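Taking it in order: structure first as structure tokens, then the write-up.
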Amino acid sequence: MKLEISIEACNHVKNDLLQRLAHLVPRHPIEETADKSNCDRFTLNFISETPSPDTLLQEIAAAVSAIEDHYPGAQRIELHVRNIACSEPSWRTLQNGGAFSPVDSIRIVPWDSEESPAPGTSDIFLHPAHAFGTGLHPSTRLCLQLLKLAAHIDSERSCGPRAALDIGCGSGILTIAAIRLGAARVLAIEIDPSAVQAASRNIQINGLAHAALVVKTSWHEISGQYDLVLANLVPSVLYKAAPHIAKLLRKQGLLITAGFPLSKNAEVRGLFAKNGLRLLHECSLDGWGALLITG
């Protein structure tokens, strides 16, 4: 599997970080980029091909945690991972103009600047220039499926409009779907500036800027509690974030998590069980898993 890995950190941890990465990913060229907006920070980028991606990512996450523990006063180290082989396919893979239904009653439509979404439409309009989340990937489709189930559960519980958190929002597709299915407001967070821009634009295209806020930040910067939490994340990030995610979920709230292989379902389920949450439903598609969990 080919992974694109980006790590942002403070300058004074650079040598320690480079040393640990050299041990974990030998023979992989690492590109260093200075942060123009903050002279104290830098970003390391590299691509790794590995037959054991989860093992490598857990090792990198452990190395990052060890450095953070060693430098308790430093700013957080940001770890961003993209599976190049399994990233969202682009609209070019579709026929019939690109519109399609990843799950029943939800249709994804590539936005055309010549047309505006009809008032009250249930369609989700996405700008076709970006592939941060088109609804084509199995993990995204599983999240949409579980969002529909979550909306049904809320209806049975007679819950009113609810506050949601979308961690790693990508294109904003799940944020938009959550609002379409009844969420009153959504905080959508991302660490990728390009994705933040894409999500903000898609939310505006759908006329939902009043109900969603997109912020460039990471999960560990978020506080408060939410009725619905969406966490479509790679395993290495999910393993690290799980204890904090559990604290963000309001009692009897609903958590939808995906982004991991089906073989990891039991492991992820156990991870959240250790933090006081319980499974409501699990599903899979094309070798990918997803869970609906409650507090």
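The values are calculated or read from the model by the stated rules, or taken from the named source; none is laboratory data. None of the values given here were measured: they were computed from a predicted structure. Note that each Cβ is placed from the backbone with ideal geometry, even for glycine, and that neighbours are counted across all protein chains shown.
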Just need a number here: residues in segment 1-44 that are in a helix (DSSP H, G or I) and of a type outside the set (Asp, Glu). 13
Is it the case that some residue within segment 280-295 is in contact with a His (Cβ under 8 Å, 6 or more places away or on another chain) and of a type in the set (A, V, I, L, M)? yes
Would you mind stating whether GLU156 is of a type in the set (Asp, Glu), out of contact with any Gly (no Cβ under 8 Å at 6 or more places or on another chain) and either at pLDDT 60 or above or in the same structural domain as ALA195 (by TED's automatic domain parsing) (or both)? yes
Pairs only if they're at least six apart or on different chains, beta carbon under 6 angstrom, first in segment 61-77 and among the aromatic types (Phe, Trp, Tyr), second in a helix (DSSP H, G or I); list them, first residue then second. TYR71/VAL13
Can you find, within segment 216-236, the residue that is surrounded by the most Cβ atoms within 10 Å (Cβ to Cβ) among those that are in contact with a strand residue (DSSP E or B) (Cβ under 9 Å, 6 or more places away or on another chain), more than 24 Å from LEU142 (Cα to Cα) and not acidic (Asp, Glu)? ILE222
Restricting attention to segment 47-60, and to residues there that are surrounded by 16 or more Cβ atoms within 10 Å (Cβ to Cβ) and either assigned by TED's automatic domain parsing to the domain that holds GLU221 or modelled with pLDDT under 85 (or both), which single residue is farthest from LEU142 (Cα to Cα)? SER48
Take segment 159-171 and flag every residue that is at pLDDT below 95 and surrounded by 24 or more Cβ atoms within 10 Å (Cβ to Cβ). GLY168, CYS169, GLY170, SER171
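Among the candidates ARG82, ARG41, ARG20, ARG76, which residue alone is surrounded by 13 or more Cβ atoms within 10 Å (Cβ to Cβ), within 19 Å of SER236 (Cα to Cα), modelled with pLDDT of 80 or more and basic (Lys, Arg)?
ARG20
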Unique match (being modelled with pLDDT of 85 or more and not assigned by TED's automatic domain parsing to the domain that holds PRO235) among ASP112, ASP123: ASP123
Taking interchain pairs and intrachain pairs at least six residues apart, which have beta carbon atoms under 9 angstrom, with the first residue in segment 1-14 and in contact (Cβ under 8 Å) with a residue 60 or more places away in the chain and the second loosely packed, with under 14 Cβ neighbours inside 10 Å and of a type in the set (Asp, Glu)? MET1/GLU49; LYS2/GLU49; LEU3/GLU49; CYS10/ASP40; HIS12/ASP40
Looking only at segment 179-206, which residues are out of contact with any helix residue (DSSP H, G or I) (no Cβ under 9 Å at 6 or more places or on another chain), surrounded by 15 or more Cβ atoms within 10 Å (Cβ to Cβ) and among the small types (Gly, Ala, Ser)? ALA195, ALA198, SER200
Which of the residues that make up segment 139-158 are in contact with a helix residue (DSSP H, G or I) (Cβ under 7 Å, 6 or more places away or on another chain) and either within 10 Å of ALA178 (Cα to Cα) or hydrophobic (A, V, I, L, M, F, W, C) (or both)? CYS143, LEU144, LEU147
